[in-house]
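My structure is below; once you've seen it, I'll send some questions.
The values are calculated or read from the model by the stated rules, or taken from the named source; none is laboratory data. A quick note: this is a predicted structure, and the numbers were derived from the prediction, not measured. No Cβ is skipped: glycine too gets one built from the backbone with ideal geometry, and neighbour counts run over all protein chains shown. Each accessible area value is taken on the protein alone, full model and side chains, heavy atoms only, with ligands, DNA and RNA left out. Shrake-Rupley method; radii C 1.70, N 1.55, O 1.52, S 1.80 Å.
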Amino acid sequence: MSEIENSEFIEKVIERATEVLGSVDKANEWVDKKSKTLGANPRVLCETKEGYDQVLKHLHWIDVTTSDN
């Protein structure tokens, strides 16, 4: 994977994490913190397409399980 692809993945994950978590600061902290559920920190996982997909699925799960609906 190219460095450009990796940075695009991180940018998209931070954008989605900001929507889910409510702030850019929380999103940036989350991306760099090891997740027990994911087994690594999201930034590292975004080094591959498969890891990127896994992170987006996890963010979706967080969004669905914490929504006020």
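Enumerate the calculated ³J(HN,Hα) couplings along segment 59-66 in order (Karplus 6.51 cos²θ - 1.76 cosθ + 1.60, θ = phi - 60°), each rounded to whole Hz, writing x wherever the residue is Gly or Pro.
4, 4, 4, 4, 4, 5, 7, 10
Which value, in Å², gives the accessible area per residue of segment 1-48 when a 1.4 Å probe is used on the protein heavy atoms?
Here the per-residue accessible area is 68 Å².
Further question on the same structure: Quote the accessible area belonging to Ser67 in square angstrom, nearest 10, computed with a 1.4 Å probe and with ligands, DNA and RNA left uncounted.
So the heavy atoms of Ser67 present about 50 Å² to solvent.
If you stretched the chain out fully between His60 and Ser23, how much longer would it get, using 0.36 nm times the residue separation minus the C-alpha to C-alpha distance?
Length difference between fully extended and current span is 11.7 nm.
Find how much the distance from Val44 to Asp32 grows on full extension, using 0.36 nm per residue of separation minus their present alpha carbon separation; answer in nm with one decimal.
3.5 nm
Keeping the other protein chains in place, figure out the carbon and sulfur percent of the accessible area of the chain, with a 1.4 Å probe.
50 percent
Within the chain, which trypsin sites (Lys or Arg not before Pro) sit in a loop by DSSP and count at most 16 neighbouring Cβ atoms inside 10 Å?
Lys33, Lys34, Lys36
Run the 1.4 Å probe and let me know the accessible area of Asp32, rounded to the nearest 10 Å².
Here the residue's solvent-accessible area equals roughly 80 Å².
Please give the net charge around Ser23, taking every other residue with its beta carbon less than 14 angstrom from that of Ser23, where Lys and Arg add +1 and Asp and Glu add -1.
Value of the local net charge: -2.
Please report, to one decimal in angstroms, the Kirkwood hydrodynamic radius of the chain built from all distinct Cα-Cα pairs. Present the calculation step by step, with values, prior to reporting the outcome.
Values: mean 1/r = 0.0839 Å⁻¹.
The answer is 11.9 Å.
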